[in-house]
Every structure is written in C-alpha cells, then in structure tokens.
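Heads up: the structure comes next, in structure tokens.
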Amino acid sequence: MTPLVRTAPEVTDALASGRAVVALETAAVTHGLPRAPLTSLPPYLSDPRTPAAIRACFGASVPVHRALGHALAAAVRAEGAVPATIGVLRGQLVVGLTVSELDELAELREVSKIAARDAALVAARGGSGGTTVAGTLLGCALASPSPIRVFATGGIGGVHRDFAQRPDISADLHAIRDSGVLIVSAGAKSILDLPATVEMLDTLGVPLVGLQTPYFPRFLCEGDADLLVNCEVQDERHAAALFAAHRTLQPHRGMLLCVPPPKEFALDSATMERAIGEGLAECRRLATRGPEVTPVLLAAVAKATEGRSLAANLAVLLNNARVAARVAANLAESAATGG
Ligand code: PSU
Ligand code: MN
C-alpha cells in the first residue's frame with residue numbers, strides 16, 4: 001500500500017543536514033489563480049529586480065496557475081533555500097512535489113481544496129488536491145525526518161465579512177496557532193473582515209510581526225494605523241531571531257511574519273473595496289458557501305480590477321516566498337553556529 005505521507009528525497013536531505021527549507025502551499029495554485037496564460041506581463045515580472053529564474057516560469061503558453069507554482073519554488077531556490085511544495089496527489093500527502101507532479105496536480109479537472117480536515121477524506125479515496133494554509137501546515141508537521149519551520153503564502157484565511165450571520169472563519173487561524181511554524185504572509189486577505197481577523201489572532205495568541213512595517217498588511221493593499229502588528233523587525237535576520245525565541249518559549253505555537261505588498265505593485269484600498277463589493281455581490285448571486293467563497297471572491301476581484309489584483313497577487317506570493325527563504329537561511333545559519 002502506498003503510504004499516506006511522503007517526503008521528497010531533496011527535502012529529507014535538506015532537513016537532515018539542517019539546511020534552509022521553505023514550505024509552499026498549493027491551494028493558491030489549484031483554486032486561487034486563472035488556468036490560462038497571462039495576456040500581458042505584470043509589472044513585478046517585467047521588473048529587472050525580479051530574479052530571472054522567476055520571470056522564466058511565465059510564458060505565453062503556460063497557464064498562470066502552473067507558472068506560479070514553479071515560480072514560487074524558483075523564488076525560494078534563488079535565495080539559497082530548498083522549496084517543499086505540499087499537496088495531495090493520488091492519495092498521498094506529498095512534501096516536496098516535483099515539477100512534473102506539480103503540473104499534474106495543476107492540470108487535474110477533479111481537484112479538491114484541502115484544509116487539514118479534508119486531508120484524510122481526500123487521501124483515503126485516492127484523490128488529489130491543493131492544500132490551504134491549514135492543510136499545508138499538516139505537511140510541515142509530518143515532514144521527514146523533522147518538521148518544516150518556515151512557510152510562505154500570499155494572504156492567510158481569516159474571519160469572513162458577515163461572520164455574525166454565518167460564522168465562516170478559516171481553519172487557517174487555529175492551524176497557525178497550533179503549528180510551531182513561522183508563516184510569512186501579506187497579512188490576511190482583504191476580502192475578509194480584517195479587524196475581526198486581527199482580533200481573532202489576538203484571542204488565539206498568535207504574535208504578529210511586521211517586516212519593516214508597524215501595520216498589519218491588507219493583502220494586496222498596504223496596511224494603515226487602524227490595524228497594527230505586535231512588533232516590528234527591520235530585516236529577515238531579526239525575524240529569524242524572534243522566531244527562534246518564540247520557538248524556545250512556545251514550541252508548539254505559530255507566529256505570523258507580516259510582509260506588506262511590494263510598494264510599486266500594491267493596489268489602493270478604494271479600488272480594492274470597490275472590487276470586493278462586486279465580488280461579494282457575485283457570491284450572493286451564486287449563493288456561494290464554504291470553501292468556494294475565497295476562490296469566487298478572488299476571481300471576481302481580478303475581473304473588477306481588470307487583472308491588476310492578479311498582478312499584485314503574484315507579486316505578493318513571490319515576494320513572500322523570497323522573504324521566507326531568507327528567514328529560513330538565517331535560522332539554519334544560527335542553528336549551525338549554535339546561536
Ligand atoms: N493566498 C493567495 N491566494 C490563495 C490563498 C492564499 O494569494 O488562494 C488560499 C490559501 O490556501 C488559504 C485559503 O489558506 O486561500 C483560505 O481559504 P478559506 O478562506 O476557505 O479557508
Ligand atoms: Mn471558510
């Protein structure tokens with residue numbers, strides 16, 4: 001029988017020898033992005049400061065969701081860390097999907113969106129799916145020979161708008177609290193009720209650390225004084241040191257490193273709010289519920305901003321992967337020198 005969990009040899013080697021490893025999710029690939037090539041190159045990808053390895057993944061014939069999956073791994077490698085792309089493929093939770101496995105997952109017609117709860121249900125029937133933050137954290141915990149400690153995503157899930165009527169709160173929040181992992185994200189997705197999400201993170205006791213910002217970022221938009229992080233650090237080395245301290249004092253709890261969207265690519269909040277309004281109307285029209293809500297909203301927002309939110313989303317995902325790789329490298333270095 002095939003085992004339910006498998007770690008790729010490259011990831012196993014890196015973990016065994018204490019090298020930097022960054023976990024990457026696949027729900028953004030399978031459910032968060034269009035399955036068609038980009039019609040024009042967004043600013044982040046035409047920017048010469050973006051590593052060539054990342055730019056090379058996008059082409060006129062590659063669907064953007066597949067390109068992004070490969071580009072995230074390339075972004076981690078460009079900073080000297082080993083990527084561990086996590087997803088469920090043919091009944092197996094895989095920690096470290098290869099290029100062809102990731103393509104296979106991305107091209108499946110029947111593909112689940114997998115939070116921790118769904119992992120066994122999908123795997124047991126031999127199914128496949130992209131893992132959300134909550135699902136990916138499961139892969140981090142089960143990695144062999146030791147757990148993965150750093151994980152990059154775009155924006156975490158949280159408390160949805162209208163939660164008073166229907167308490168739709170992403171499983172990401174509790175999963176992060178109970179993870180022992182540093183999650184690198186541009187705060188939480190702005191399609192959510194962000195004040196309620198920050199309140200919930202506060203209740204759960206998840207430390208919010210801002211990278212060069214005192215504000216909790218609003219995913220594709222910059223943050224503002226209305227929502228603050230608990231602590232600001234100036235670089236990845238300090239972020240790593242803070243996480244190491246957190247791991248010593250609360251070994252089983254997670255921490256959120258909040259990275260604002262790269263300034264040049266961020267959307268202004270008025271544009272974003274207008275687009276979200278259209279997205280929410282679309283959800284009402286389609287009577288969207290549960291795990292469908294986030295993908296439907298993201299697609300509607302991309303349509304309403306004529307692709308600008310998609311361009312910003314790619315920039316955020318790729319930037320976070322690079323930051324996470326630098327933090328992981330710092331952690332590996334200080335572990336090696338006993339610091
Ligand atoms: N970040 C992105 N795009 C995405 C997601 C994150 O830029 O699609 C995914 C993550 O996998 C996250 C999920 O865990 O959206 C949240 O979904 P829900 O609200 O149903 O828990
Ligand atoms: Mn939900």
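The values are calculated or read from the model by the stated rules, or taken from the named source; none is laboratory data. Predicted, not measured: the structure shown is a model, and the values here were computed from it. Here Cβ is always computed from backbone atoms with ideal geometry, including for glycine, and neighbour counts include all displayed protein chains.
Looking at this structure, is Leu267 in a loop (DSSP other than H, G, I, E, B) and in contact (Cβ under 8 Å) with a residue 24 or more places away in the chain?
For Leu267, the condition - in a loop (DSSP other than H, G, I, E, B) and in contact (Cβ under 8 Å) with a residue 24 or more places away in the chain - is met.
Does Leu318 satisfy being within 16 Å of ligand 2 (Cβ to nearest atom) and not in a loop (DSSP other than H, G, I, E, B)?
Judged against the criteria, Leu318 is not a match.
Residues of the range 182-199 being in contact with a helix residue (DSSP H, G or I) (Cβ under 7 Å, 6 or more places away or on another chain), at pLDDT 95 or above and within 13 Å of ligand 1 (Cβ to nearest atom), which ones?
Within the range 182-199, Ile183, Val184, Ser185, Ala186, Ala188 qualify.
Take the range 52-76 and flag every residue that is in a helix (DSSP H, G or I) and surrounded by fewer than 17 Cβ atoms within 10 Å (Cβ to Cβ). Write out each step before concluding.
Taking the range 52-76 as the starting set, the residues that turn out to be in a helix (DSSP H, G or I) are 52-55, 64-76.
Passing the criteria: Ala52, Ala53.
How many residues does the range 265-304 contain that are at pLDDT below 90 and more than 16 Å from ligand 2 (Cβ to nearest atom)?
Residues in the range 265-304 being at pLDDT below 90 and more than 16 Å from ligand 2 (Cβ to nearest atom): 0 in total.
Considering each of Ser179, Ser146 in turn, give the residue that is surrounded by fewer than 24 Cβ atoms within 10 Å (Cβ to Cβ), touching a residue at least 40 places away in the same chain (Cβ under 8 Å) and either more than 16 Å from ligand 2 (Cβ to nearest atom) or in a loop (DSSP other than H, G, I, E, B) (or both).
Going through Ser179, Ser146 in turn, the sole match is Ser146.
Using beta carbons and a limit of 9 Å, which pairs, at least six apart or on different chains, have the first residue in the range 235-255 and closer than 20 Å to Thr213 by Cα and modelled with pLDDT of 95 or more and the second one among the aromatic types (Phe, Trp, Tyr) and assigned to a helix (DSSP H, G or I)?
Met255/Phe243
Please go through the range 149-172 and give me each residue that is within 13 Å of ligand 1 (Cβ to nearest atom) and outside any loop (DSSP other than H, G, I, E, B), ordered by number.
Phe151, Ala152, Ile156, Val159, His160, Ile169, Asp172
Taking the options Leu33, Leu97, name whichever one is assigned to a loop (DSSP other than H, G, I, E, B), within 15 Å of the chain's Cα centre (by Cα) and hydrophobic (A, V, I, L, M, F, W, C).
Answer to the check: Leu33.
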